Structure formats: structure tokens, C-alpha cells
1. Give region 201-215 a look and list any residue that's of a type in the set (S, T, N, Q) and either outside any helix (DSSP H, G or I) or under 34 Å from the mean Cα position of the chain (by Cα) (or both), or say none.
2. Hey, can you tell me all the residues within region 285-326 that are β-branched (Val, Ile, Thr), modelled with pLDDT of 90 or more and within 31 Å of the chain's Cα centre (by Cα)?
3. Taking helices (runs of 4 or more DSSP H) that fall entirely within region 37-142, which contain at least 2 residues that are in contact with a helix residue (DSSP H, G or I) (Cβ under 9 Å, 6 or more places away or on another chain) and of a type in the set (Ser, Thr, Tyr)?
4. Within region 291-311, can one find any residue that is polar (S, T, N, Q), surrounded by 21 or more Cβ atoms within 10 Å (Cβ to Cβ) and more than 30 Å from Thr69 (Cα to Cα)?
5. Only residues that are assigned to a helix (DSSP H, G or I) and of a type in the set (A, V, I, L, M): list them for region 248-280, please.
6. Here's a check for you: in region 280-290, which residue that is over 15 Å from Asp102 (Cβ atoms) and among the hydrophobic types (A, V, I, L, M, F, W, C) is surrounded by the most Cβ atoms within 10 Å (Cβ to Cβ)?
Amino acid sequence: MEANIAIPSNSKDTWSGGSAKPFGASYGKMMMWFFIVSDALTFSGFLAAYGLTRFKFIDSWPIADEVFTHVPFVHGEFPMIYVAIMTFILIFSSVTMVLAVDAGHQMKKNKVAWYMFATIIGGIIFVGSQAWEWSTFIKGSYGAVKTTDGKVLQFVKDGKQIALADFVTGERTDERVQHTRKNGLWFEAEETISNYSVNQVINAYNANPAIQVRTELINLDTKKKTILSREDGAKELAKTKMVVEGANLKVNEYGNTIFADFFFFITGFHGFHVFSGIIINIIIFFNVILGTYERRGHYEMVEKVGLYWHFVDLVWVFVFTFFYLV
């Protein structure tokens, strides 16, 4: 016996994506949500890899309070202060974006423009701050040495870390000339040479009994790095391979090199998202001023770019937590 099944008259429109709007969202909004979900999975993978790697090297991972201590134009150590300011600026820019979307719903062109402008300024300040932080991280604060077995050794006085410049004097004693493309072997340039030679650092350590060596290994009970005796410090320094100043993808004065690899990659990837958001916001901003959306009768484009901007802000909260707080 055959059953008669009633087919809705609008079924063709429903399955062809015509008049149907899932969750009441337009096609553009749905595509933005698809992008956000896929990008969230990408960031989740990166942060999960970071977490697993940090757990594996938990006894030699750099301490954030010792790495991110600088504030522009201010001397001294202010752990995490500037990063917190950056985070506040980015979150505040998310607030101005909400206000821009709300003004768009009310068809208030001038308010949309002003709030979009404030969002753009907040984004530019954040990206500029991140670039400054990168520059400071690459340049380094104290300097260290790396041994033949891959250990990073730092120097302390009275239990507090000091810079190489605080106890090593004079210029390089080995007459070392940096290779450039003009004078280098096979016309290849090399990385910037450190300000001090290995022998200078060792001699300065031996001449100053108040200086001690600190390893990258962390005492999991005290959450502090291990400080060696003078004798043990001299033994470790005897294995010195190179002087390290700053951080890059090969060496890292703060500790484990993998930390720098993840820092550059994840914060750089997020920074690229913020930069892209700024460019898109600028385009939308000028369209608002030109009255494009006023003529269309809606500001949905502002709402769509707002979704992206909120996502970028939310991702930073997780990046901030993983890199700076945990």
C-alpha cells in the first residue's frame, strides 16, 4: 500500500537555499560564522600544541613575569603591565564595535562612523604595541650564554638577574668581524654577532665573586630557576658555546628556544588577524562615510565585520591566558 506524502509548496526554495534563512541569519552572516568556527579550530590546534609542548618542557619553560617586564618610555621592571594595557585596549575596541553595530541598527550614520573610527584606532594601537613587544623580545634584556649541551645560563647577583653589560666590560676581545654578503663565505650573510665574546664573559665571571650562574631549570616547588654555586657555575661556563642576546627562532636568552618559536608564530598569526580586521574596518568605515549602507537601508556589513572583530578579541583572551598568565 502506497502512502501519500504531502510536499510543501516552498520545498524547492528551502532546499535550494532560496528564501530559507537558518537561525534567521543572512547568507553573509552564515558564511562569516563558518569562517569563525574553522578559524577557531585552527587556533585551538595551535594552543593545544603549545600546551602539550610546555607540559613536556615544564622544568625549563621561561617565566612570563621575567620575560615581559617592559613598558615603553619607562625605565624599570613592570611584569605584565604593558601586556595588560594592550589587552584592555583590544577589549575596549570590541565595546566600540558593539556600539557601532547598535548605531547601525538605529540607522545613525554619524555614530556608526565615530565608533568604527574608535575601533580602528584601538586596533592600530594594539598592533603597534605588539610590534614593539616583538622588537623588545628579539633585542633581549639581559643576555645569557648557551652551552654545548644546549643549556641556557643566566647571571644573577644577590639573587636577582643582571645583564651582561652589568659585569662584562670592554669590547669583544677576539677581533671578530661579522660576515656580510660582501665579505662572507660563499657570499652569505650571518646573524648579528653578540657584543661580548665567550672568553670575556667567563673572565668577567671569574673576576667577580658576587656573580652566580642561574640555569633555565625551574624548581617546581619554589617556581624559581636554579642558582648554582660558584664552583658549579664555573664548570657549566666552561662548556659555553656562544653568547646569546635576545631571542629568535634558533636561540633564546630567556630559556627554552621552543617558547620563542611558539610566541612568534601564535602571536604573529593573531596579529595578522588583527591587522586584517583593521584593513577591513577601514574599508567599511569609508563606505559608511560615503553613505553606501544608508542607501542600502541596512548596516549588515558593519555587523559582519563586527563578528570577526569580536572573534579576534576572544582569541586574544586565550592567547593572553596561555602565554602570559598560566
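The values are calculated or read from the model by the stated rules, or taken from the named source; none is laboratory data. It should be emphasised that the depicted structure is a prediction, and the values quoted were computed from it without experimental measurement. Using ideal geometry, Cβ is built from the backbone for each residue, glycine included, and neighbour counts are taken over all protein chains shown.
1. Result: Asn208, Gln212, Thr215.
2. Matches in region 285-326: Val302, Val305, Val312, Val315, Val317, Val319, Thr321.
3. Where helices (runs of 4 or more DSSP H) fall fully within region 37-142 and carry at least 2 residues being in contact with a helix residue (DSSP H, G or I) (Cβ under 9 Å, 6 or more places away or on another chain) and of a type in the set (Ser, Thr, Tyr), they are 81-105, 109-139.
4. Within region 291-311, none of the residues are polar (S, T, N, Q), surrounded by 21 or more Cβ atoms within 10 Å (Cβ to Cβ) and more than 30 Å from Thr69 (Cα to Cα).
5. The answer is Ile258, Ala260, Ile266, Val274, Ile278, Ile279, Ile280.
6. Ile284
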